[in-house]
1. Largest first and in whole Å, give the semi-axes of the range 73-170's equivalent ellipsoid, each being the square root of 5 times a Cα gyration tensor eigenvalue.
2. Could you sort 358-370, 128-140 so that the peptide with the highest average Cβ count within 10 Å comes first and the rest follow in order?
3. Only helical DSSP H runs with n ≥ 4 go in: add -39500 (n - 2.57) per run for the chain, normalise by residue count and round the 222 nm mean residue ellipticity to 500 deg cm²/dmol.
4. Taking only Cα atoms, what is the 0 to 90° angle, nearest 10, from helix 29-41's long axis to the longest principal axis of the chain?
5. Search the structure for amide H atoms under 5 Å from the amide H of ASP549, placed 1.01 Å from N in the peptide plane, and list their residues when 5 or more places away or on another chain.
6. Suppose we keep just the alpha-carbon trace of the chain; what are its Rg and Dmax in angstrom?
7. If I model a spin label as a point 7 Å beyond the Cα along the Cα-Cβ vector, how far apart are those points for ARG301 and ALA494 in nm?
8. Along the principal axes of its C-alpha atoms, what lengths does the range 276-346 span, in descending order and rounded to whole Å?
Amino acid sequence: MLHTPLLSGVCNISNTNRNKSYTPFSYSALHLQTKIIMLIKTVNTMNVKKKFLALSCGLLIAASCCFAQTKNVAETVQILGERHAMVRIDTEKKYLLLPVEEKEEMAHVRVIKNNQLLKTFNLRLAVDKVDYFVPYEVEEGALLDITFMANSRSTGAINGFTCWKRMNYADQFDTKNVEKHRPAYHHTPAYGWMNDPNGMFYQDGVWHLFYQFNPYGSYWENMSWGHSTSTDLVHWEHQPVALEGDGLGTIFSGSCVIDTENTAGFGANAIVAFYTSARERQTQSIAYSTDGGKSFTKYERNPVLVSEAPDFRDPKVFWNAEAGFWNMILAVGQEMQIFSSPNLKDWTLESSFGREYGNHGGVWECPDLMKMPVEGTDKQKWMLICNINPGGPFGGSATQYFIGTFDGHTFTCESAPEVTKWMDYGKDHYATVTFYNAPEKRNVAIAWMSNWQYANQVPTRQFRSANSIARELGLFEYQGETYCSVRPAKEMDAARGAVISQPTDQCEIVVTLRGEAEITLRNAKGERLVMRYNPEEELFYMNRLQSGDVSFSDNFPTITMAPTYGTLKQLRIFVDKCSIEALDADGKMSMTNLVFPSEPYNKLTIKGKAKAKIYQIEKKN
C-alpha cells in the first residue's frame, strides 16, 4: 500500500476572514492542493491573493518533499490471520528497528525477496510495550513474513500489537551504553545476547574473539558468530557478524586455525573456521577467510563431518606438530571424540575419551586440548578442557579438565576416573577455550562469565553476558597430582591505573596475605560481598547472598568455595560493574562470580593478617 504522509496544523487567514480560525486539518498532497485553490477563491484582494498564492505554493512544494519520503512501516503491514502478518520493506535507509518485548513468546520471521527465502530468525516482537529495539539490516523490496507462536486468546488481536506502531526505519542504530551493570573493561557485545567464546586466534598483533551471538534480542536464540578484535586483550572493537545461519542450521560453537601450509587448498595463511551447524541433527561445517578474519566464505561441500549422536558439537581443531597432522576434539554427549585429518576436510575418528572419568552431571561441551610445561619441573603434559552443563561444583555450568598424555590418536588421563578437577570454583565461568597461535607459546584463555541456570534472567536488557578477563593457563604439581594454574594475563598489568584509597566499580584489589583474612566490599545500601581465606583448611570462600539484586533467580544467591592447594600469599581481585574475579597470583586458585549491586561498592574492609592496595582500571576506549 502506498502511503502519503499527512500535514496537520491550524490555518489563520487575515482580511475578511481575520476572525475565522480553521480547525486542525490532515490532507494528502492532492487534497491539500484542492483545499489551497478553494481558500484562494475566498480571498477578495489581488495583493493578498498573490501573497497567499506564493505561500501556498511553498507549502505544496514542502508537502510534496515530505510525501516523497520513506513510507511509514505501519502502513505496509498486511494482517493475514490471527497469528500471521507481512511487512513490505520500502526504504533506502539501512535498518528496520524491530521492537522487542521480552515476556512475549517467539515470532518467526522469514525474509523473502524475488520469491526467494533469504533468511529466517526468531524474536519476541512487542505486543503491549517495548523493552528495547534491535536492528535488521534491510534488503530493499524484501518481504518479512511473520508468524506469532502465542495463542491469540492470550495476546489479543494481532492488528492492535504495539510492534506495528513502533517499527521504524533508520540509518543508524544507537549502541551507546544505557546499562549501569555493563562492564567497563570486560568484553561484552554492543547489544544482544552472547554466550560461548568461539574461534579465537591471534595474528599480526591482533586478538580475534568470535562468540555465540543473537542479533535479535538479549536472550539465547538465532545463534551466529559475533566478532570483536583487540590489540591488548582489554579494549575491544566490535566487528560485523562473521557467520550467520543457513540451510544447514544455525551456527553453534567452534574454533579457528591458521592454515599456514595451505593444507586445505583455500590459500596459504587462510583462516579456517570450524563450527557446528545445528538443525534437526548437529553436523560440522567449515568456512575460510583470506582477509585475516574480516569475512568468511562457507565451504561449498559442507558438512564435513556428521554423526547419529544428538549432541555432536563444538569442534576444537589444532595442528599437532608432533604427529604431523590436524586434530579435532568434539563433544559428543558425555564424552570427547578425537579425529585426525591431513587437509581439514577429510576426518578420521581416532578414539573417544571420558565415559568413566570426571563429572557426568550434564552434557559435555566446548573442548580444548593443549600441551604445557609443568612449573618447576622438566615435564610436559597434555590438558583436556571439558566444559559441562549442568554438574558444576555449585550448580549449573562449569569447566572441568583432565591431565595426561596424547599421541595424536588417544588421550590417556593420569588421574583416577573418580577425580574431578575444576578450573574455576565460581558460579560464572563456562565455555573456557584458548586462542590459537598465541604469541610466546602462551595458553591464553577466556571464559563466558555466566551460568545457564540464570543467564537469560540476569538484570540487564540492552545486552546479556560478558567474558572473563583473559587468563594464562599452566600446570603445577601438588601432593602427587597435577593441576591447572590460572593467572591473570600479563595484559591486565598494563591496564592498571592510579592507586586509589577506596574501591570503585572498575578496579583491581591486590591483597597480600599472611594468614586468615576476611575481605568485604560494601556500599551505602548495605549490600556487601564477603571473601574469606582459611589457611588451615586451605579454602577460599566468596559469599554473594547480600551482594545486591539476587531476586531474579533462586539459583543466584550462593556461597562458593575453592581449594587453594597450599598457602595463598597474594590475591588479585578484579572488580567490574557486575563481576568479581578472585585469582591467586601464583595461579593455584580461581573464582569468578557475577554481582548486581544497586550502586557500586565503595568501601573495603579487611579483618585479619592482610593488607590491600587498590588500582583503578582504565575504561574502555
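1. That gives 20, 15, 12 Å for the three semi-axes.
2. Listed from highest to lowest mean packing, they are 358-370, 128-140.
3. -2000 deg cm²/dmol
4. Once rounded, the angle reads 30 degrees.
5. For ASP549, the qualifying residues are PHE596, SER598.
6. Looking at the chain, its Cα Rg and Dmax stand at 29.6, 108 Å.
7. Between ARG301 and ALA494, the simple spin-label model gives 4.2 nm.
8. Principal-axis extents of the Cα atoms in the range 276-346, largest first: 35, 32, 18 Å.
Read-outs throughout are calculated quantities, based only on the coordinates presented, and are distinct from any laboratory measurement. The shown structure was predicted, so the numbers you read here are calculated from the model rather than taken from an experiment. So basically every Cβ, Gly included, is an ideal-geometry build from the backbone, and we count neighbours across all protein chains shown.
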